[in-house]
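In what follows, a structure is listed as structure tokens, so that the remarks can point back to it.
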Amino acid sequence: MSDKKTIWIVDGAYLFNHGRNKPFDYLKLKAEIERANGGRLHEAYYLNTTPDIATDSQNAFHSWLKSAAPRGPKMRVQLYSLKELNCTCPSCGQGFSRSVQKGVDVGIATLIVKLAAQNCYDRLILSAGDGDFEDAITYIKSDLHKEFWLHGAMANLSTDLQCYADEVLWIDDMHPAIDKDKPGSNGDGNRS
């Protein structure tokens, strides 16, 4: 049993992209994270973008994420607006726009540092693939002496973060324990 107060922070877009090829269940994933941790998590956070915060914060999936066990994984959900980015095709010069993530990385970095500074955790488990969080991780490890575990896929997990990790939890190794049941087998909306 771990005596470490542990929080888990999830970059929802990162795990969503993994789940497109290997669908998983967040409730099962949280159980695997807790098993690896050696005990229950103190808190769990899910951050992602959405086209409509007001509507999506109440949709079935986000409501299910907030639900306590045994029904759901009991995660605090923080949603950010998508931003329209105007682009020009370099080949033909045609203008187009696309939606891009806005605020999630800053939200995650702020949460990492804020909760560490408030001494809300001893161990951070971060499910995120890119190296944008390197400065935040360096600060919590070097200055605040927090333990850092990284969770992600072998195909796309930043080596910039791997080198700081006290432990790396590979989601690839957690399958089939976290695999989602066949579609329609439950109504929880627990999609990845």
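The values are calculated or read from the model by the stated rules, or taken from the named source; none is laboratory data. Keep in mind that what you see is a predicted model, and the values were worked out from it rather than measured. Note: ideal-geometry Cβ built from the backbone for every residue, glycine included; neighbour counts use all protein chains shown. Just so you know, the surface numbers come from the protein's heavy atoms only, side chains and all, with ligands and any DNA or RNA stripped out. Shrake-Rupley method; radii C 1.70, N 1.55, O 1.52, S 1.80 Å.
With respect to Lys30, is the statement that it is assigned to a helix (DSSP H, G or I), charged (D, E, K, R), open to solvent by 10 Å² or more (accessible area, probe 1.4 Å) and closer than 23 Å to Val113 by Cα true? The answer is yes for Lys30. If only residues of region 61-94 that are of a type in the set (A, V, I, L, M, F, W, C) and at pLDDT below 90 are counted, the one that is nearest to the chain's Cα centre (by Cα) is Leu82. The set of residues in region 109-121 that are outside any helix (DSSP H, G or I) and of a type in the set (A, V, I, L, M, F, W, C) contains only Cys120.
Residues considered: Ser142, Ser127, Ser81, Ser91. Of these, the only one that is among the hydroxyl-bearing types (Ser, Thr, Tyr) and under 21 Å from Ala36 (Cα atoms) is Ser127. Evaluating Phe24 against the criteria (1) modelled with pLDDT of 95 or more; (2) open to solvent by less than 50 Å² (accessible area, probe 1.4 Å); (3) closer than 20 Å to Leu124 by Cα leaves one unmet condition, (3).
When you scan region 122-180 for helices (runs of 4 or more DSSP H) that lie fully inside it, which ones turn up with 1 or more residues that are over 21 Å from Arg40 (Cα atoms), open to solvent by 20 Å² or more (accessible area, probe 1.4 Å) and touching a strand residue (DSSP E or B) at 6+ places or on another chain (Cβ under 7 Å)? Spell out the reasoning first.
Details: elements: 134-142, 159-162, 171-174.
The qualifying helices (runs of 4 or more DSSP H) are 134-142, 159-162.
Residues being open to solvent by 60 Å² or more (accessible area, probe 1.4 Å) and assigned to a helix (DSSP H, G or I) are represented in region 7-18 by at least one member.
Cβ separations smaller than 6 Å between residues 6+ apart or across chains give the following pairs from region 112-132 residues that are under 21 Å from Asp172 (Cβ atoms) to residues that are hydroxyl-bearing (Ser, Thr, Tyr) and part of a helix (DSSP H, G or I): Ala128/Tyr14; Gly129/Tyr14.
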